[in-house]
1. Okay, helix-only estimate at 222 nm for the chain: each DSSP H run of n ≥ 4 adds -39500 (n - 2.57), divide by all residues, round to 500 deg cm²/dmol; what do you get?
2. Does the range 85-238 come out rounded, prolate or oblate, given a ≥ b ≥ c as the square roots of the eigenvalues of its C-alpha gyration tensor, rounded meaning a/c under 1.5 and, failing that, prolate meaning a/b above b/c?
3. Quick check: pseudo-label points 7 Å beyond the Cα along Cα→Cβ at Leu150 and Glu24, how many nm apart are they?
4. Obtain the nm distance between the two label points defined at Lys182 and Asp248 by a simple spin-label model: each point lies 7 Å from its Cα along the Cα-to-C-beta direction.
5. Would you work out if the range 119-195 is rounded, prolate or oblate? Take a ≥ b ≥ c from the square roots of the eigenvalues of the alpha-carbon gyration tensor; rounded if a/c is under 1.5, else prolate when a/b is larger than b/c, oblate otherwise.
6. Scan the chain and hand back the longest stretch that contains none of the trypsin sites (Lys or Arg not before Pro) lying in DSSP loops with at most 13 other Cβ atoms within 10 Å.
7. Have a look at Ile132, Ser71, Leu4 and report the one farthest towards the positive end of the charge dipole of the chain, computed about the Cα centre with Cβ charges (Lys/Arg +1, Asp/Glu -1).
8. Counting DSSP beta bridges in the chain, what percent are antiparallel, to the nearest 5?
Amino acid sequence: MKNLKMVCLDIDGTLLNSKHEITEKVKSTINVVANEKKIPVILVSARMPKGIKFLQKELGIEEPIICYSGSLILDKDNDVLAKEFIDVSDLEEIYKLTSKNNIHMSLYKDDEWYIEELDYWARQESEITNIIPNIINFKELIEKWKKDRLGPNKILCMSKPEEINFLKENIKGINLNIYPSKPTYLEIMPTKASKTSAINCLQKKYNIVRSEIITMGDNYNDIDMLEYAGIGVAMGNAPEEVKIHADDITLTNDENGVAEALIKYII
């Protein structure tokens, strides 16, 4: 049995079941790990801080959080430990394509979510995350970011699967981290941002080596952290292409997969 000193959990499809809830079994198991075993449980997600903090509260844990798949890391007091953003010139290129092809684009910076209109996709995402977006003119926002030499931590494009595939193929040439988190969602992050780079930042803070880390995830943007950790656990609901990168496969997110893995490897 490895001496594990850090747990890194993806949220959607991993910590949360298909109803977007944390089951009582997962909650009580994390409570034992975090509060009795005193092992930090880090939430690692493509979500914004607001979409993670309330889950921490529900779990009763106080640790840093990894947001936007690694492009923003906040400590428990909300101070920035590290951040990366997308160059505004790359944002402009993607914006031209999404506007022309009627693909929804959401922009995320720090703890704010920006949209141009509250369409079907924005309403759906708002219902899932319980977060209300800011409606703003993107051309004006882009001009402001140009002046300030800033950009978003993340771009999320939402549309029908064929349109998402079209967009993915047409932005291949732009040097960014691009992956579909589901057939209708394309997540775009800065090149230097990854879940692993963020975990590496935190393991230095905690003085932990990679063999002492267990990670759990269910999607393509979890592959790097599954491969990196001492133990990488894929969820039973993960695609086969994700599972092959893991050391072990647990039950699905609807079968308390996170709890089962924590009981097996830590408790």
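1. -10000 deg cm²/dmol
2. prolate
3. Going from the Leu150 label point to the Glu24 one covers 4.5 nm.
4. 2.8
5. oblate
6. 193-267
7. Of the options given, the answer is Leu4.
8. Of the beta bridges lying entirely in the chain, close to 60 percent run antiparallel.
Laboratory data are not the source of any read-out in this text; all were calculated from the coordinates shown. Given the structure is predicted, the values throughout are model-derived calculations rather than measurements. Note: ideal-geometry Cβ built from the backbone for every residue, glycine included; neighbour counts use all protein chains shown.
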